[in-house]
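The values are calculated or read from the model by the stated rules, or taken from the named source; none is laboratory data. No experiment lies behind these values; they were computed from the predicted model shown. So basically every Cβ, Gly included, is an ideal-geometry build from the backbone, and we count neighbours across all protein chains shown. Side chains are part of the model used for accessible areas, which takes the heavy atoms of the whole protein and leaves out ligands, DNA and RNA. Shrake-Rupley method; radii C 1.70, N 1.55, O 1.52, S 1.80 Å.
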Amino acid sequence: MRTALIGEGALALRCLHALCQRGLTPSLVCSPDGSLADAAARLAIHHVSQRGEWAGALAVQSLDYVFSVR
C-alpha cells in the first residue's frame, strides 16, 4: 500500500511515526514549514516543502491513501 503524508508540527510528526510503526511508511512527506524534513530524512522518505513540488511529486506516483494532518 502506497501512502503520503502532508502536515506540520508535532501532531503530524506523531502520525508519521505511527504510520511507520504500522508498516504504512509514506513514500512522500510534505511539510510546508519543514517540520517533518529531519524525520523524513532519517527514515529515507522523500520530503518536499513547497506546494508546487507536492503536486509534481504526486503526479509521478500512484497512491492508495493521502493523510493530511493539521
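Only protein atoms count toward the accessible area here, which uses a 1.4 Å probe; on the chain, the carbon and sulfur part of that area reaches 53 percent.
As a length-normalised measure over Cα pairs under 8 Å and 6 or more apart, the relative contact order of the chain settles at 44 percent. Where in region 42-69 does the amide nitrogen come within less than 12 Å of the point 7 Å from the Cα of L11, taken along Cα to Cβ? Only 68-69 fall inside the zone, counting backbone N under 12 Å. For region 2-45, report the % of Cα-Cα distances exceeding 12 Å. Roughly 52 percent, once rounded to a whole number. Per residue, the accessible area of the chain comes to 59 Å² when a 1.4 Å probe rolls over the protein heavy atoms.
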